[in-house]
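A quick write-up on the structure given underneath.
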Amino acid sequence: MSAFTPSSYVFNALTIQNFNGDKVDLIKMFERVDLYEDLFSSTISASVTINESTDMIQNFPIKSDELVRISFSTHKDMDKIDVVLTPFEIANRVQSREKQNRYSLELYSDEVFLSKTSFVSKSFKDVMPEIAISSILRGDIVSRKTLEYHESGNSISFIPNKMRPFEVISYITNRTQSKENPNASSHLFWESLD
């Protein structure tokens, strides 16, 4: 098992871009990047700790419609990881010295925001769970990300009542049986960096 230290990583890009296309390079401002990939969370998330003296959040207001690009690799010939996330909060804000601001940009995949602003308005009758989930991702959330799944061994019938897309997906995965092993526990739904 190889261990990675902070110096093992090379950042190719760390930028924030607003809806006008204006972009700020965060490479010289960041102290830390924590990127989370979790089997029990629908999407990846990240926290970027910034330490800057340019008053960036005053001059470049963050309104949760920006895109933060994080691109990195390791010295050990690891494939480049390139992810685009959306800020949802500015946390832990401290003015450490005169005109020196330190804060964290809390980030989620864009699908989180799209899920929180819409409801699933269709019903499902005798449909395979993976088809229903694909329908929600492509139709309600309008995600273009690749969907990989294991075939299920059961169909579902379900009428969502004022449920958000990720709530419906969670409901479906909890009721899905594996085609290969029907006695296994329910399926999981998560986003990976791959």
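Side notes on the structure shown:
- Solvent-accessible area assigned to carbon and sulfur over region 57-194 amounts to 46 percent, based on a 1.4 Å probe.
- Computing FRET efficiency as 1/(1 + (r/R0)^6) for Q177 and S47, where r is the C-beta to C-beta distance and R0 is 41 Å, gives about 0.70.
- Within straight-line reach of K23, meaning a Cα separation under 16 Å, sit the following lysines at least 8 residues removed in sequence or on another chain: K63.
- Quarter of the Cα convex hull surface for region 69-169, i.e. its orientation-mean projected area (nm²): 10.2 nm²
- The Cβ shell under 12 Å around I81 holds other residues with a net charge of -2, Lys and Arg each +1, Asp and Glu each -1.
- Candidate residues L85, L193: accessible-area rank, largest first, probe 1.4 Å: L193, L85
- Long-range Cα-Cα pairs in the chain (distance over 19 Å), rounded percent: 66 percent
- Amide proton proximity set for L26, modelled H, under 5 Å, gap of 5+: L14, T15, I16
- Rel. contact order, % - alpha carbon contacts under 8 angstrom, at least six apart, region 42-194: 23 percent
- Region 158-194-region 9-69 distance, computed between alpha-carbon centres (Å): 30 Å
- Taking each DSSP H run with n ≥ 4 as -39500 (n - 2.57) and averaging over every residue of the chain yields -3500 deg cm²/dmol at 222 nm.
- Each residue of region 60-69 was assigned a 3J(HN,Hα) from its phi angle through the Karplus expression (A = 6.51, B = -1.76, C = 1.60, θ = phi - 60°), giving 9, x, 9, 10, 6, 10, 8, 10, 10, 9 Hz with x at Gly and Pro.
- Set of lysines near K125 by C-alpha distance (under 26 Å), chain-local residues within fewer than 8 positions excluded: K116, K145, K162, K179
- Calculated from backbone phi, Karplus (6.51, -1.76, 1.60) coupling profile of region 80-88 in Hz, x at Gly/Pro: 5, 9, 9, 9, 10, 10, 10, x, 10
- Taking Cα centre as origin and charging only the Cβ of basic (Lys, Arg, +1) and acidic (Asp, Glu, -1) residues, the dipole magnitude of region 89-194 rounds to 440 debye.
- For region 33-131, the per residue solvent-accessible surface stands at 57 Å², with DNA, RNA and ligands left out and a 1.4 Å probe.
- Normalised contact order of region 43-122, rounded percent, pairs of Cα under 8 Å and 6 or more residues apart: 38 percent
- Taking amide H atoms as placed 1.01 Å from N in the peptide plane, the amide H of E89 lies under 5 Å from those of E106, each 5 or more residues away in sequence or on another chain.
The values are calculated or read from the model by the stated rules, or taken from the named source; none is laboratory data. If you're wondering where the values come from, they're calculated on a predicted model, not measured in any experiment. As a convention, Cβ positions derive from the backbone with ideal geometry for all residues, glycine included, and neighbour counts pool all protein chains shown. Surface accessibility is based on the protein's heavy atoms, side chains included, excluding ligands, DNA and RNA. Shrake-Rupley method; radii C 1.70, N 1.55, O 1.52, S 1.80 Å.
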